[in-house]
Each structure stands twice: as C-alpha cells, then as structure tokens.
Amino acid sequence: MGDNLISVNNVSVNFDYQENFISKKQKIHAVNNINIKIKKGSFFGLVGESGSGKTTLGRAILGANKISSGNVIFHDDERDYDLTDMNKQDLKEYRKKAQLIFQDPYAALSPRMTVRDIIAEPLEVMRITSSRQETDERVRDIAAKCRLNIEHLRRFPHAFSGGQRQRISIARALVSNPKFIVADESVAALDVSIQADILNLLKQLQTELNLTYLFISHDLSVVAHVCDVVAVMYLGHIVEMGPSRELFKNPKHSYTKALLSSIPSIDPEKRSEAIELKGEIPSALNPPPGCVFRTRCPNPGVDCKGGEIKMGLIEVEPGHWVDQCCAL
Amino acid sequence: MSHLLEVKNLDVKFDTDEGRITAVENISLSVDQGEVLGIVGESGSGKSVTAKSIMKLNPGNTSYNEDAEIILDNENVLQFTSKQDLKKIRGGKVSMIFQEPMASFAPAIKIGAQMVEQLLIHKDINKHEAKSISINMLKRVGIADAEKRFNQYAFELSGGMRQRAMIAMALSTMPKLLLADEPTTALDVTIQAQVINLIKDIIKEYQMGVIFITHDLGVIAQVADHVAVMYLGSVVEKGPVNEILKNPKHPYTKGLLQALPDINNLDAPLSPIPGNIPSPLDRPTGCVFRTRCPHHNPEGKDGKIEMKLIEVKPGHWVDQCGIKCGQNG
C-alpha cells in the first residue's frame, strides 16, 4: 500500500437509540460509508459542524468506537493492522502507535497528578519503559520537544495556562512514540494568540518526529492553514475532499461554499457576503434520503430535491472529490 | 448629545484568598443609541467583568473605585443599592445575552414561562399580553412554530434555536442597552452567520445601544461600529472599527491580527504573541503588555511608562507606551 498510513474503507458507525424503554429502537447514522486514505506524513483535515460525525470518525479510526461496517487498515512498516479484526495484543500495539489529543486542556489533565506523572502515565500503562530512569529520560526528552521546562514537570496542571496545558497534552500523546495522531479540536479552546503557537508546534513536531495527523476542526481558516488534504463532512457523509489549497480556492459543493462564505471576514467593508443557510443540520436519526444537504441547499436542482440522487463522491479533478449531487 | 452609556475611570477589584486582584483598571467607554461597541480581548482580559459592572452583576467580593461612574441614561448605576433601583437596570433598561444559552435558561421551567415572568416584572401588563409579546418576539427572531416552542423546555431546542430564544427574551422588555457576551462563540459558523445577521437587523429596528463582547476579530469586523481592545484589564486601543482593524497602532492589536489565520492568505505564517497572559495577581506595573511585547522600548520595559490613552487620530485612541512600541514594529 506504499505511502498510505491509514485506509478507511466504506466505514459506517451506527449507534442504537431508544427514546424511552417502551419506544422502538432506532439507529443513529453517525458516520456513513466513508472512504479516505491518509498518506504518511500528511496533515489530514476533517471539517464540519457539530453533529457532522467528525469526532465519531476520528474515534472509529483509533478503535475507540465500534465500527458497524467497513474496515480501517493501519499500514505499519512490517505489517497491516485491521481494526475490525484485532485481538487484545494487537490493540495494545496499535494504541502505542495511534494517539489522541483532546479539545479541552482543562478537562484532559488530572488535577491530582504532577506534569511528570501525567506525561509518564502512558509509558507505565503500556509498559514501554523498564526502569524509572528510562521513563524519566523519555519524559524529559518529549517535554523539551514540546517546549516545557524541566522545572514544569514537578508542578500540577492548575499552575499552567491553557496553551501550556495543551503542550502537556501533546507531550502525553507523543511520549509513546506514535506514528499517527488524531487531534480533535485541539486548538478550539485556546485564544488566538496561543492557538497560532500550538499550530506551529504541531507542524514542527510533525517534521521532527515523522508524524501523520488527522486534524479535526470546525474552524476552516485553521484547517486551511495547516492541512494538506481536507475532507468536509456533513451529517455523517463526506461531501467534498481534496488538497486543501485547491479545495479552498475552488470549492465545488454548495455546503463547502456556504461554509467558506460564513467565516466572518476581518475586513469591516466586506459585510454580509455570507451565503446564508436556512435552518439547521437535520437529526441523524432520520437523515433526508438522497443528498443529505438538500434540505438546506441554497440552490437545489429538481432531481436532488426529490432525494433521487444518492450520496457518492466523484473525482472532478485529480484528487478533488465532490458529492455527485453537487458535482453534476 | 449625551451618550446612552458612559463608563468613566472604572476600576474593578476582587478580594480573594490570594489577595486583591485588579480585574479592570481605569476604563472609559461610551455607547450611543443605535451603535455597536465591540470589546475584544483574550480570556482574562476583563471584558465580561466590565459588562457585568454595568448591571452590577459582579459577585460580593467586588469593589469599585469611588470616583468611577457608569452613567446610563443620566443615572449613575454604581450608586444604585436598593433592589428597586437595580431592578430598573437588570432586565429593564439593560438586557444581557450570554455565551452558553443552555446555562442561562432554567432547565426545568418552560421557555415561555421564563419570558413571561420577566415581562411581568418590568412591564405593567397582564399575563395574556405578556404571552402575546413573547410569542411575537420569538417569531421576530425567526423561530418557526413559536407557539409550540413557547411551551417547550430549553433542552428541546437546538443550540442555534436556544440562542435565538435568548435574544428574543433579552429584547422583549425593549431594553435601551443590550450586552451581548460572546453570543455566537458556542455556535457553528453557518448558525453564527444567521445570528449575527439577526442581531444586526434588530439593532437597526429597535435603535438600541449594544456592547458586543467577543474574542473573534472577524465577528467584530462584521458587527461593530467602534472597537475597544482589552488586555489584562486595560483598554490598550479603541476607535472606529475600520481604523482599528486596518490601521492598528498598538503592538497587541497588531499581534492579535497577525495570529489570526487568514483564509485569503494561506502563505502568511501564523505568528503567535510570545509568552502567556500574566496572572492578574502579579499584574505588571506600567504598560500591562510589556512582558509580552515584541518591540518594547527600553523605558516601557521597565514599567516606567504609565498606561494612558492618547488620541492619535480623531476618535482613535492608543495607549502611550503602545504608540512608541508600535512604531518600532
């Protein structure tokens, strides 16, 4: 499989849902039939609004959510891991190689542990190091890479600001020497001046440690800046995917266009150029048949309005995929 | 003409176990009718504290300085002590929209009942009239089947809908001043665009004054007429929105703009402002921004230059230390 690190093949994730104990069991279609390939060393962006299924997909790739159908393959150097067919031993191995950075650095760190213990915990749990000395060495090493002082290691998380805490979370995720990182809204809780710092750090670590990222975010301008490839999700489907420059310069899907125009412009003279989308994202309990976006689409065609066009990506330009409803 | 709201030399201090914290220092602002004042700054810069002072909503350990004045409609709010007086401002002349609408509605009381309750307190009307005002207001903010929503609880509404209901509730008493504290931060961009347009329409329609607090400079560019940039409890720069965003003078304002990823210029590097915002417990003397300032001049670095806004162009005020540093950068 050469240069791909992760292949996601026809993955769907459903959750069972029952409103109360006498009502009928229903299925929430959180993620539907997703196909993506994440290249080694790439910064893959996943954007979408809340409820679009981006976090569920990220967790499914990490093996933290059950995959209902399809499979995810992790192409390691020596062997491939199939996430849907993994024994406990494999899962342990996989967890060393794929890690998660959370959104909220205030909630993700235990207030009762020192920074050193927080960063060292994965090493101890996964039994990667054999002696305390070795653990300390690796903790110090990764802390320095994440620009934390040795003196910081003795302190507790409450003594740190948001940006510093996020650096601690990053150090904790990287200490097991993973190859693949899912960063789920990792800069969303930070102030802009700090956000830029963390983004630069993630970029720098990527080249230093040969990392591959799946970067989940709702902020298109952030994604446009750091990612090489971007997939736009809506209601459990990828509606458009492509190299980030191409996608942001030349968006094809009406949802991508609307999202881009909704970013408030920093120029006070350019007011209300947003393509206003009516209404809100429909419930994933009963998504509209056919194109899922048609209930909010600003310019629906006659065919798609009836829900007659099925969801499916078409390659309009090399590497640039658009859902067929809007591509036609 | 006198301003609708005028804040003069306001200091806000909190007494805590660790000592007295200066949350806001020497702030002067004004808002006219039909005007939107945007307050922008990072977390901990004192934006919300300033807004809450206007309604005297800060907690019991707060102390205001004696010579501060918050003049709303020719009355000094800071002098108000009786419940009767405070009631006039809280929800009467001034309404507030909060960031997280789920946290600001009572979860176990129907939305309609909450709207009616506040109308009965502030207006001399009966329940029936209050209900029809509320339903009309819900319709005005774009909520479909307002009658049905009126009888629902906050958890039954989606995020965007809840924020609309919050706006309807804040506006139903026809306040003269609306305080919007990060009203769109918890929303998705497409919903944010809807809510921003709604707020702009409503301001035009009712001609109220608005203080719009946000950390997002893009949102500020879209809604505000004037902007005040706050850092660690002080206003470091203020002026007309065009002037501040296109011709910023203070290194902090410049830094904020440079740290913002711009979708139209993907080649520009993201430049963070170095360091962290200091704890309000050890607030720097002199220029508050000097510990992080990339271009500080020697005098500013020692904290010898006091904070003082100077008018560099008509209506555009910049902190005096910032003018000097800004020239170097």
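The values are calculated or read from the model by the stated rules, or taken from the named source; none is laboratory data. Only a predicted model underlies this, so the values are computations on that prediction, with no experimental measurement involved. Please note: Cβ atoms are built from the backbone with ideal geometry, for glycine as well, and neighbour counts cover all protein chains shown. Note: areas computed on protein heavy atoms with side chains; ligands, DNA, RNA excluded. Shrake-Rupley method; radii C 1.70, N 1.55, O 1.52, S 1.80 Å.
Observations
- Comparing mean-square fluctuations of A:180, A:44, A:15 from a GNM of chain A with C-alpha springs under 10 Å, the top value falls on A:15.
- Proximal lysines to residue A:305, defined as alpha-carbon separation beneath 20 angstrom and excluding residues fewer than eight positions away on the same chain: A:252, A:257, A:278
- Positive minus negative residues near residue A:38 (Lys, Arg vs Asp, Glu; Cβ under 12 Å): +2
- Surface accessible to a 1.4 Å probe, per residue, for the residues of the protein assembly as shown, Å²: 44 Å²
- Positive end of the dipole of chain B (Cβ unit charges, origin at the Cα centre): among B:202, B:49, B:144, the Cα lying farthest that way belongs to B:144.
- Charge tally in the Cβ shell below 13 Å around residue B:41, where Lys, Arg are +1 and Asp, Glu are -1, residue B:41 excluded: -4
- Threshold 50 Å² - residues in the stretch A:240-266 whose accessible area is reduced by that much or more when the chain is no longer isolated, probe 1.4 Å: A:245, A:262, A:264, A:266
- Sorted on the mean count of surrounding Cβ atoms within 10 Å across their residues, most packed first, peptides A:18-25, A:89-96 read A:89-96, A:18-25.
- Sorted largest first by accessible area at a 1.4 angstrom probe radius, with every protein chain in place, the residues B:14, A:43, A:102 fall in the order A:102, B:14, A:43.
- Largest to smallest accessible area among B:204, B:123 [probe 1.4 Å]: B:204, B:123
- Take residue A:152: with every protein chain present and a 1.4 Å probe, its accessible area is about 20 Å².
- In the stretch A:253-328, one over the average inverse separation of all distinct C-alpha pairs is 13.8 Å, which is the Kirkwood hydrodynamic radius.
- Percentage relative contact order, chain B, counting C-alpha pairs under 8 Å, at least six apart: 20 percent
- Peptide B:272-280 - average C-beta neighbours from other chains (10 Å radius): 5
- Fluctuation leader among A:80, A:219, A:117 - chain A, Gaussian network, Cα springs under 10 angstrom: A:80
- Rounded to the nearest 20, the size of the Cβ-charge dipole of the protein assembly as shown about its Cα centre is 820 debye, with Lys and Arg at +1 and Asp and Glu at -1.
- For the protein assembly as shown: rounded, prolate or oblate by the Cα gyration tensor [a/c cutoff 1.5]: oblate
- Taken over chain B, the ratio of Cα radius of gyration to 2.2 N^0.38 Å equals 1.04.
- Among the listed pairs A:27/B:200; B:52/B:308; A:270/B:238; B:83/B:148; A:39/A:88; A:39/A:92, those with a Cα-Cα distance over 32 Å are A:27/B:200; B:83/B:148.
- Rounded to the nearest 0.05, the FRET efficiency derived from the C-beta distance between residue A:137 and residue A:76 at R0 = 25 Å is 0.50.
- Put a plus charge on the Cβ of each Lys and Arg, a minus charge on the Cβ of each Asp and Glu, and nothing anywhere else: the dipole of the stretch B:170-329 about its Cα centre is then about 480 debye.
- Residue A:151 versus residue B:205: modelled label distance in nm, points set 7 Å from Cα along the beta carbon direction: 5.8 nm
- Simple point charges give the picture: +1 on the Cβ of Lys and Arg, -1 on the Cβ of Asp and Glu, and for chain B a dipole about the Cα centre of about 520 debye.
- Pairwise label distance in nanometres, residue A:9 with residue A:130, each label 7 Å out on the Cα-Cβ vector: 3.8 nm
- Among the residues of the stretch A:215-239, those with an accessible-area drop of 20 Å² or more from chain alone to full protein complex, heavy atoms and 1.4 Å probe, are A:218, A:221, A:224, A:225.
- Interface between chains B and A: roughly 3600 Å² of accessible area buried, both sides summed (probe 1.4 Å, protein heavy atoms only).
- For residue A:116, the accessible area of its heavy atoms, probed at 1.4 Å with every protein chain present, is near 30 square angstrom.
- Isolated cysteines in chain B, defined as those with no second cysteine Cβ under 4.7 Å, comprise B:293, B:325.
- Only protein atoms count toward the accessible area here, which uses a 1.4 Å probe; on the protein assembly as shown, the carbon and sulfur part of that area reaches 49 percent.
- Förster radius 25 Å - calculated FRET efficiency between residue B:73 and residue B:136 (Cβ-Cβ, nearest 0.05): 0.45
- Taking Lys and Arg as +1 and Asp and Glu as -1, the other residues whose beta-carbon sits under 13 Å from that of residue A:182 total +3.
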